[in-house]
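Peer 1: The structure's right below; bear with me while I get my questions together.
The values are calculated or read from the model by the stated rules, or taken from the named source; none is laboratory data. All values derive from a computational prediction rather than experimental measurement. Please note: Cβ atoms are built from the backbone with ideal geometry, for glycine as well, and neighbour counts cover all protein chains shown. To get the accessible areas, we keep the full protein, side chains included, count just its heavy atoms, and leave off ligands, DNA and RNA. Shrake-Rupley method; radii C 1.70, N 1.55, O 1.52, S 1.80 Å.
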Amino acid sequence: MAAQTILDIENAHKQFDGTKAVDGVSFTVNQGEIFGLLGPNGAGKTTLIRMILNIFEPDAGTIRFPLSPDGRFQPERIGYLPEERGLFENRKVSDTLVFLAGLKGVPAAQARERALLWLERLQLERYFHRQIRELSKGMQQKIQLIAAIIHKPDLVILDEPFAGLDPINQELFRDLIRELKSQNTTVLLSAHQMHLVEDLSDRIFLINKGRQVLYGELREIKRNWKEDWVALDFRGDGALLKESSLVKSAQIENGRAQLILRDGVRPEEFLSAIVGKLEIEQIAIKKPPLHHIFVETVTRGPHPHPVPLPERERVQGEGGKGDR
Amino acid sequence: MREALAVARWEFWQSLKSKTFLIATFATPLISLGLMALVIFITRTAVGNGETQLAVLDRAGVFSELQDHLDGSNYRVVAVSDPEAELPQRMQRGEFDGYLVIEADFFQSRQARYVPKPRREGLTVTLGRLEPSGVPRTVREALSQILLARALENAGIQLEQAKILSQGVQIVMAAAPEAAVEQMRAGLAISVGFVIILLLLFITMNSISWILYGVISEKRNRVVEILLSSVTANDLMSGKILGLGGLALVQAAIWAIVGLTVIFVGGPYVGLPTTAIGLAILPFLAWEKLLLYLVYFALGYLLLAALSAAISATMSDDLQSASSFGMSLVFIPPILPLLLFSLVLEKPDHIALKIVSFFPPATPGMMILRTAVGDVPWWEVLLSLIVLALGAYGTMRLAGKIFRTGILMYGKSPTLRELWRWVRT
């Protein structure tokens, strides 16, 4: 069964004072998936999210929600954890959650019940009647996450949910996001922790300077990535690895090599080139992590053999991409 | 609309429960009442029982007559004897507040000397005694009557008769009932108008300062981000205006109830028949105008509150911006009628006042005052209502646009040019 589209953005533009914050962006988000919206700071992610949330209207293009009546934005079906964090400092946790849930159409009694359940789950129940300013930053972040999902939305937009969290809480949030997915809640995830994004996302959209630079299924993107990484433990003279015409860059230390193969070099080619010349103890050939793909794409622009994209989403020309 | 009401309820109840509100509502009036009571207490002790002790050095033999005449007045006379030279010292010691020397030739010279106790500089509390500090009139009249009675008696008129004649003529104050009622009504209308304008200003300023504080802190702590994903900026703004306006009304009501209770319950304790006065003036209140005042108030409040919400939204997080200056400008038009108060009393139909009446931010105050003072043509009232309603609507629309963009702009205040761009889109 093909996934249904829950969010459809087509050729969205937005500019402020002559600066193009979002410049012709198109993508779709499927129901029930975790969709990574990535990009460096100032790439236009927040503007894009605000357009999705109907806070800004796009200057051009459309943003539709095919599953809702008339395809329109329905605030009570969407949850949002903003990157800029904050809650009413002088209000009680209980009152705040009930109010925010109420704005999303949850009756007060039900909201209290759900709030309490969530707080118990996150071991914050004794703060139910406390004022928010008594909570630590991490706790406040949990309260905000609860506020984003307490009304059981179809689509949750999490903007930098892991920022400022310790590793334990990062894992907690990661597990919660997985749980949302298992309940068929769609998650639009924007984050800088590439290992977590890689771990969670089904598909990603990478935006830079207001434009798309990468878009598609994460697995596909990696499979089509131009370079392979080789991790090699060996005995013998490693110099030949450095000198090999197949290798783009190499770090060699104590019989352990980290290599990046030249674009388009297939793993078999490399293997046959070294067989018999080195004693291989252990070898792993894999695609680079998302972190590397992110950095490469943003700093150098999309690689020369872009992953195949749907027609209308293809980035045209070179302008607006990496400067180097 | 549902969202706006939810925001309004939230703002209203949360602020009502907050310590700041409770302190402002209950502690502030209590402290002012306490201060007032203290001032009254100090004043009363300083004035004493309101009687003036007058020493009389009587060389003409009129003391007992004078005592009779001053019986029931604020003066208590004591006879003193020579030497006169000692009297100033005795007065300084506080034995009496002044002394009167009546020479033996009083009936020929028709003179008496009065020496008041020198006042200490700067302390001129004369509450309860509205008499000039110069010659005490009561004493003068008493002496004149003694003089006259003696003269009449000498002219062969019987003593009793002479005494009665010497009382002179008494004027009894009375006014035609109709006119008196009219006058009372007019005076009341003006005072009620004045009080209503003050209340309007007070309520507006209170709730505006709450709006200002709320918007800036929500902007600073970024709660707006969450709120705007659920409600539109317009709903958020209207909710705040409604909720905090209601809160200011509640505060005003609490103060009015406390104030009236103090006046009616406390009045008799300080010798004011407040209940009787209240009951007497009640029928003269222009009830029919109160409804009109309410409409002016509501529209005026919406206008000013929307304006303030927009200005608060453009304020950068630290309050240090040109917008603070803009905020102080908001209050000038509504204060205008009070500044022009004396002109309104004299010439409620002055052309300048008419022009000000149709400048929406000043309309409520000016029209309330003008309709209170005199009759304003019905078309002017209607026109002012229309102008005000349009002004309020336009301001809310405009403010909504500025609010929507400004509330998400952190770190800097917009320039006028930017504001103009927001308004146009």
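Peer 1: Kindly identify the stretch A:229-286 as rounded, prolate or oblate by the Cα gyration tensor criterion: order the square roots of the eigenvalues as a ≥ b ≥ c, call it rounded if a/c is under 1.5, otherwise compare a/b with b/c, prolate if a/b is larger, else oblate. Provide the component values of the computation, followed by the final result.
Peer 2: On the way: a/c = 1.44, a/b = 1.33, b/c = 1.08.
Rounded, because the longest to shortest axis ratio a/c is under 1.5.
Peer 1: Under a 1.4 angstrom probe, counting protein chains only, how are B:MET409, B:MET205, B:MET1, A:MET51 ranked by accessible area, largest first? Don't skip to the answer; put the middle values down first.
Peer 2: Numbers: B:MET409 35, B:MET205 65, B:MET1 140, A:MET51 5 Å².
Ranked from most to least accessible, the order is B:MET1, B:MET205, B:MET409, A:MET51.
Peer 1: While we're on this one: Quick one: accessible area per residue over the stretch A:229-286, 1.4 Å probe, rounded to a whole number of Å²? If you can, show how the numbers build up before the last one.
Peer 2: Values: 3670 Å² over 58 residues.
On a per-residue basis, the stretch A:229-286 sits at 63 Å².
Peer 1: With just the Cα atoms defining each centre, how far is the stretch A:106-157 from the stretch B:196-220? Give it in Å.
Peer 2: 31 Å
Peer 1: Ignoring any ligand, DNA or RNA, what whole percent of the accessible area of the stretch B:225-266 comes from carbon and sulfur when the probe is 1.4 angstrom?
Peer 2: Values: 1230 of 1460 Å².
Looking at the stretch B:225-266 in its full context, I get 84 percent from C and S.
Peer 1: Using a probe of 1.4 angstrom, how much of the accessible area of the stretch A:229-286 is carbon and sulfur, in percent? Write down the numbers at each step before the final one.
Peer 2: On the way: 1700 of 3670 Å².
Taking all protein chains in place, the stretch A:229-286 shows 46 percent carbon and sulfur surface.
Peer 1: For a quick size check, give me the Cα extents of the protein assembly as shown along its three principal axes, largest first, whole Å.
Peer 2: Rounded to whole Å, the extents work out to 160, 62, 48 Å.
Peer 1: Now a separate question. I'd like the accessible area for A:VAL25: 1.4 Å probe, protein heavy atoms, all chains in place, Å² to the nearest 10.
Peer 2: 0 Å²
Peer 1: Report, in deg cm²/dmol and to the nearest 500, the calculated mean residue ellipticity at 222 nm for the protein assembly as shown, where each DSSP H run with n ≥ 4 adds -39500 (n - 2.57) and the sum is divided by the residue count.
Peer 2: On the way: 30 runs with 377 residues, N = 749.
Value at 222 nm, helices only: -16000 deg cm²/dmol.
Peer 1: To the nearest µm²/s, what D does Stokes-Einstein give for the stretch A:5-222 at 4 °C and 1.567 mPa s, using the Kirkwood radius over alpha carbon pairs as Rh? Could you put the intermediate results ahead of the total?
Peer 2: Working: Rh = 17.8 Å.
Reported coefficient: 73 µm²/s.
Peer 1: Averaged across A:69-82, how many Cβ atoms of other chains sit within 10 Å of each residue's Cβ atom? Don't skip to the end; give the middle numbers.
Peer 2: Values: counts 0, 0, 0, 0, 1, 0, 6, 2, 0, 2, 3, 5, 3, 8.
Going residue by residue through A:69-82 and averaging, the value is 2.
Peer 1: Take peptides A:189-200, A:117-128 and line them up by average Cβ neighbours within 10 Å, highest first, as a rough protection proxy. Working shown, then result.
Peer 2: Working: A:189-200: 18.6, A:117-128: 15.4.
Top to bottom by mean Cβ count within 10 Å: A:189-200, A:117-128.
Peer 1: Related question: Under 14 Å Cα-Cα from A:LYS226, which aspartates and glutamates qualify once same-chain neighbours fewer than 8 residues away are excluded?
Peer 2: A:ASP263, A:GLU296
Peer 1: Taking the 0 to 90 degree range and rounding to the nearest ten, how far is the long axis of helix A:93-103 tilted relative to the main principal axis of chain A, both from C-alpha atoms?
Peer 2: 90 degrees
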